[in-house]
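The values are calculated or read from the model by the stated rules, or taken from the named source; none is laboratory data. Fair warning: this is a prediction, and the values are worked out from it, not measured in the lab. Heads up, the Cβs are rebuilt from the backbone with ideal geometry, glycines too, and the neighbour counts pull from every protein chain shown. Protein only, heavy atoms only, side chains kept; ligands, DNA and RNA dropped before computing areas. Shrake-Rupley method; radii C 1.70, N 1.55, O 1.52, S 1.80 Å.
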Amino acid sequence: MHHNRLSRKTGQNVFWYGCKAHLAVGSESQYILKAYLSSGNLNDEKVAIPLLKSLEGLPLSLEHSLLDAGYDVAAIYQQSISQNIQPLVAYNQKRKSDPSASMNILHLLV
């Protein structure tokens, strides 16, 4: 297990050990379609594309992907669009890159 460090606004450091589960869940059935387990210090974006690609072989009609702000990167938008899946991703305000980068990808969906 890896440990992570979080610096809080109070100046305190908190350490934790653990893993993260990255899940693809059917919106109607609520069944887990695919799951990846990663160390807690791995960025969400590094797991998203393999997870999206693993859904291609399933006998399902995927229309949307609903993702939190950890997945707000252009490569994930591009992968979703290439699979004809409309990405619905929360905007990541902490991202250091241009905030319009992810919005530039969205014009491809219209």
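For the condition open to solvent by 80 Å² or more (accessible area, probe 1.4 Å), outside any strand (DSSP E or B) and either among the aliphatic types (A, V, I, L, M) or out of contact with any Asp or Glu (no Cβ under 7 Å at 6 or more places or on another chain) (or both), Leu42 does not qualify. Of all the criteria given as (1) open to solvent by 80 Å² or more (accessible area, probe 1.4 Å); (2) free of Cβ contacts under 8 Å to residues at least 12 places away in the same chain; (3) at negative phi, the one not satisfied by Leu23 is (2). Working only within segment 49-77, note down all residues that are open to solvent by less than 80 Å² (accessible area, probe 1.4 Å) and either farther than 21 Å from Glu28 by Cα or among the charged types (D, E, K, R) (or both). Hits for segment 49-77 are Ile49, Pro50, Ala69, Gly70, Tyr71, Asp72, Val73, Ala74, Ala75, Ile76, Tyr77.
If you go through segment 17-39 and keep only what is under 12 Å from the mean Cα position of the chain (by Cα) and either part of a helix (DSSP H, G or I) or aliphatic (A, V, I, L, M) (or both), you end up with Ala21, Leu23, Ala24. The number of residues in segment 40-89 that are of a type outside the set (Phe, Trp, Tyr), within 28 Å of Tyr17 (Cα to Cα) and in contact with a strand residue (DSSP E or B) (Cβ under 6 Å, 6 or more places away or on another chain) comes to 9. Considered as a group, the residues in segment 47-77 that are of a type in the set (D, E, K, R) and either part of a strand (DSSP E or B) or more than 16 Å from Tyr91 (Cβ to Cβ) (or both) include one that is nearest to the chain's Cα centre (by Cα), and that residue is Lys53.
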